[in-house]
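Step one of this worksheet: look at the structure below.
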Amino acid sequence: MNEDAYNAYSFLLDRTSRRVKQYAQQRFKEMGFNITVDQWLVMKHLYEHEEMKQNELAELIFKDNPTLTRIIDLLCKKGLTVRTLHPSDRRSFIVSLTKEGIKKVEQLKPKVKDVRFKAWEGLSERDFNQFKKILNTIYQNLS
């Protein structure tokens, strides 16, 4: 395969990734979720792990620390998360959902699932498995 083909596939991958996020953000707004896709990712992972060190959460969702700090600041202002000092490391913070945050995740989870599944319409299980294999190979090539 020539360089132009590689560039075209890289463009398609980037374009699709951006469109998936734009679509989800548009639907979040239309449905009145009052959070962004990135805020949802933080809340979803906190829901699954109860509490996390902020730097571990950043690694898990592939966000740099300053970006994650801004996201958490906004979620704290909305009363959905709380940040506390780590008991044994004064340089670290523990982030967790508030009761209101837990309710919000439980309320939005089925709606977010429907939004996310839109991208997979018309694809078979075989298509999905092949796609997953390709994406994992690309990811491993760059690790």
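The values are calculated or read from the model by the stated rules, or taken from the named source; none is laboratory data. Keep in mind the model is a prediction, meaning the values are calculated, not measured. In this analysis, Cβ positions are derived from the backbone assuming ideal geometry, glycine residues included, and neighbour counts consider all displayed protein chains.
Among residues of the range 49-68 being within 18 Å of LYS104 (Cβ to Cβ) and modelled with pLDDT of 90 or more, the one that is surrounded by the most Cβ atoms within 10 Å (Cβ to Cβ) is LEU57. Applying a threshold of 9 Å to beta carbon distances and a minimum spacing of six or more residues, or different chains, the list of pairs starting in the range 86-114 at a residue that is closer than 14 Å to VAL42 by Cα and β-branched (Val, Ile, Thr) and ending at one that is assigned to a strand (DSSP E or B) and modelled with pLDDT of 95 or more reads ILE94/VAL82; VAL95/THR81; VAL95/VAL82; THR98/THR81; THR98/VAL82; VAL105/LEU97. One residue stands out among those in the range 99-127 that are of a type in the set (Asp, Glu), farther than 21 Å from GLY79 by Cα and in a helix (DSSP H, G or I): the one that is nearest to the chain's Cα centre (by Cα), which is ASP114.
Scanning the range 72-94 for residues that are surrounded by fewer than 17 Cβ atoms within 10 Å (Cβ to Cβ) and at pLDDT below 95 yields ARG83, THR84, LEU85, HIS86, PRO87, SER88, ASP89, ARG90, ARG91, SER92.
Residue-wise test of (1) surrounded by 15 or more Cβ atoms within 10 Å (Cβ to Cβ); (2) in a helix (DSSP H, G or I).
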site: ALA5; (1), (2): no, yes
site: GLY32; (1), (2): no, no
site: TYR47; (1), (2): yes, yes
site: ARG70; (1), (2): no, yes
site: SER96; (1), (2): yes, no
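Of all the listed residues (GLN130, GLN39), the sole one being in a helix (DSSP H, G or I) and either among the hydroxyl-bearing types (Ser, Thr, Tyr) or loosely packed, with under 14 Cβ neighbours inside 10 Å (or both) is GLN130.
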